[in-house]
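I have placed the structure first, in the form of structure tokens, so that the comments after it can refer back to it.
The values are calculated or read from the model by the stated rules, or taken from the named source; none is laboratory data. All values reported here derive from a predicted model rather than from experimental measurement. All Cβ positions, glycine included, derive from the backbone under ideal geometry; neighbour counts span all protein chains shown.
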Amino acid sequence: MNLAAVVQEANASIGQDYCAEVCGAKCCMRGYVFFKPEYVNLITQGQPGLVSRTHRGWSQLSNELHGCPSLSEDNSCMIHDEEGRPPCCIYFPLKLVYDEGKPIVIVQRCDAVNAKMIDEYLDKLRDAGAELTIR
Ligand code: SF4
Ligand code: SF4
């Protein structure tokens with residue numbers, strides 16, 4: 001299986017119900033997601049001034065916002081089906097940096113990672129060529 005397919009499978013294994021109901025969408029609530037400037041308008045619902053942190057060309061929402069502007073009251077993402085959604089929103093807690101090689105950062109503060117829900121995919125990701133960092 002190629003790397004993209006393993007990444008998608010690992011991400012899908014967490015599931016929307018777990019994210020919305022068990023975790024409470026912490027990654028969207030607390031600004032864990034980072035994205036390139038071209039996604040700012042989409043993710044902020046046209047309010048680019050809400051991006052208060054940038055690092056090495058990446059933007060993050062402030063964790064003082066009480067949630068991403070695209071997060072619905074039921075903890076679902078309003079732009080989930082938008083073509084052009086930021087990769088980090090699609091693949092979190094696997095942060096991909098395809099255009100810089102094949103490193104993948106597994107975000108440890110994700111509840112699903114802490115609950116070892118993607119452990120079974122770690123070897124598969126490595127076998128598919130990923131360099132994994134868990135932090
Ligand atoms: S932090 Fe992890 S478990 Fe929680 S909503 Fe985000 S991806 Fe899902
Ligand atoms: S755009 Fe959607 S997935 Fe991305 S941080 Fe906002 S609510 Fe979460």
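Among the residues making up segment 71-102, a single one is among the hydroxyl-bearing types (Ser, Thr, Tyr) and modelled with pLDDT under 85: Tyr98.
Scanning segment 49-70 for residues that are away from ligand 1 (no atom under 16 Å from the Cβ), part of a loop (DSSP other than H, G, I, E, B), surrounded by 12 or more Cβ atoms within 10 Å (Cβ to Cβ) and modelled with pLDDT under 85 yields a single hit, Ser62. Within 16 Å of the chain's Cα centre (by Cα) and away from ligand 1 (no atom under 12 Å from the Cβ): does that describe Glu82? Yes, satisfied. Step by step: first the residues of segment 9-59, then only those that are in contact (Cβ under 8 Å) with a residue 40 or more places away in the chain and basic (Lys, Arg), then the one that is nearest to ligand 2 (Cβ to nearest atom). Which residue is that? Only one residue tops the list, namely Lys26.
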